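Contents: one structure, followed by commentary.
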Amino acid sequence: RNDEIDEFSFIESAGTWSPDGKRFAFVVFSKGINKLVIVDVDKSRIREEIEIKGIPAINNPVWSPDGSSILFSGMEQGIVDLYQYNLTTRETKKITDDSMSNIHADWSPDGRYIVYSTERVNNGINKTKYGFDIILRDMQTGISRNLDVFPGAMNINPVFNGNDIFFLSDRDGFRNMYKYEISTGRIFRMTK
């Protein structure tokens, strides 16, 4: 409980634990401004309120495995891109830069890669369909590749689990969980 926080969106934006489990970061509104708040879990106290300058709307933060930065989706002038906030230098780096929404990012366990969902528009015969593709990005080289899981479907919420990526897709009209094996490119349906 804190009088400085107006609201936080626990349904629209999940929080994230630091790698050591001692801090928790989540998005709040404070005095009408979207901020990233870091809480000291042991002391039940806010350690920091971070306003990301120039990015009025932020959500879905995810802490890097080495604890040095937080990745999040940020909306600037109506466009949602991924950003990385360095906790030491206090600098924000834009990771994606396109007109599509880039959401639901996650780090690989070694911190070398991120995976995220990106909006796609597929224009077919007499029909326009909106979907989300899964992108794997090498954070060292900046090279991204589309995992080409189910084109035209809503492929969202990708997360790393060891060397695999779990994600949700509505490829058959129902949202289910799937596993993508990075080493083989094979996809396994996990729920029905």
Which of these, K94, K22, K35, has the largest mean-square fluctuation under a Gaussian network model of the chain (Cα springs below 10 Å)? K22
Cut-off under 18 Å on the C-alpha distance; same-chain residues fewer than 8 positions from K192 excluded. Which aspartates and glutamates are left, in chain and number order? D170, D172
Over the heavy atoms of S68, what accessible area does a 1.4 Å probe trace out, to the nearest 10 Å²? 40
Residues of the chain: accessible area per residue at 1.4 Å, in Å²? 58
Identify which of T96, T141, T118 has the largest mean-square fluctuation in a Gaussian network model of the chain, with springs joining Cα atoms closer than 10 Å. T141
Candidate values [x] 17.3, 59; [y] 18.1, 60; [z] 17.6, 53, label of the one derived for Rg and Dmax of the Cα atoms in Å: [x]
Rounded to the nearest 10 Å², what accessible area does W63 show when all protein chains are kept and the probe is 1.4 Å? 10
Using a 1.4 Å probe on heavy atoms of the protein chains only, the accessible area for D98 in Å², nearest 10, reads 60
Pull up the DSSP beta bridges for the range 62-169 and report the antiparallel fraction as a percent, rounded to 5. 95
Can you flag which of K31/K94; K22/K93; K53/K179; K22/K53 are past 30 Å Cα-Cα? K53/K179
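The values are calculated or read from the model by the stated rules, or taken from the named source; none is laboratory data. Bear in mind the structure is a predicted one, so any value in this text is a computation, not a measurement. For accessibility, only protein heavy atoms count, side chains too; no ligands or nucleic acids. Shrake-Rupley method; radii C 1.70, N 1.55, O 1.52, S 1.80 Å.
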